[in-house]
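Okay, so here's the structure we're looking at.
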């Protein structure tokens with residue numbers, strides 16, 4: 001069974017601060033995806049990383065895939081209240097199935 | 001593009017009754033759809049993988065006779081919770097993988113269905 005450990009579980013910060021969310025595993029994934037979920041809604045895909053060492057930027061969000069394709073990070077610069085939500089990482093295995101991390105609940109206070 | 005809908009968005013039913021949840025890919029065909037369950041403040045747990053025209057593959061611990069999955073077409077999968085009990089109350093989310101992959105590995109998620117069993 002592949003496990004993805006996501007940290008921290010909860011994060012409460014002030015507007016303008018930076019933060020990093022980590023997603024770690026002992027398993028290798030063919031790809032890793034980051035989602036954001038609002039209460040009562042389904043997850044919305046933010047990014048997919050495929051290549052070891054890959055870095056992708058989405059405005060103030062920077063995503064990195066570890067060289068060994070076992071871990072990933074999400075860095076948010078100058079967080080805004082609109083960034084509040086549940087962030088989920090999900091690793092895809094060779095069978096094309098997703099394993100989700102436990103999620104990071106982010107609250108950005110104005 | 002890549003929109004997935006679910007119906008209903010919420011449902012309240014009495015204990016012992018059955019509830020059907022639909023998952024549709026609106027603008028693409030999906031050979032594979034996935035059903036997840038999410039409890040409050042927790043992450044998504046995969047329940048089953050549904051392939052068009054074949055039987056669903058259930059994850060360990062998920063009762064296939066209780067959670068009936070049908071994937072009759074390339075755009076529709078249904079999950080029927082049979083003889084529902086209060087402990088089945090949860091947020092059920094489906095996702096769909098495009099038949100023609102656009103070069104990525106993504107699954108597209110529906111908005112979820114909140115089931116409350118009284």
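Assorted remarks:
- Rounded if a/c under 1.5, otherwise prolate or oblate - region B:32-85, Cα gyration tensor axes: prolate
- Over 15 Å [Cα-Cα, region A:1-74], rounded percent: 59
- Sites residue A:68 and residue A:38, calculated FRET efficiency, Cβ-Cβ separation with R0 41 Å, nearest 0.05: 0.80
- Value of relative contact order over chain B, rounded to a whole percent, pairs C-alpha under 8 Å and six or more apart: 37
- Cα gyration tensor shape for chain B, rounded if a/c is under 1.5, else prolate or oblate: prolate
- Gain in span if fully extended, residue B:3 to residue B:39, counting 0.36 nm per residue against the direct Cα distance: 10.6 nm
Bear in mind that the values in this text are calculations on the coordinates, not laboratory data. Note that the structure is a prediction, hence the values are computed from the model and not measured. Please note: Cβ atoms are built from the backbone with ideal geometry, for glycine as well, and neighbour counts cover all protein chains shown.
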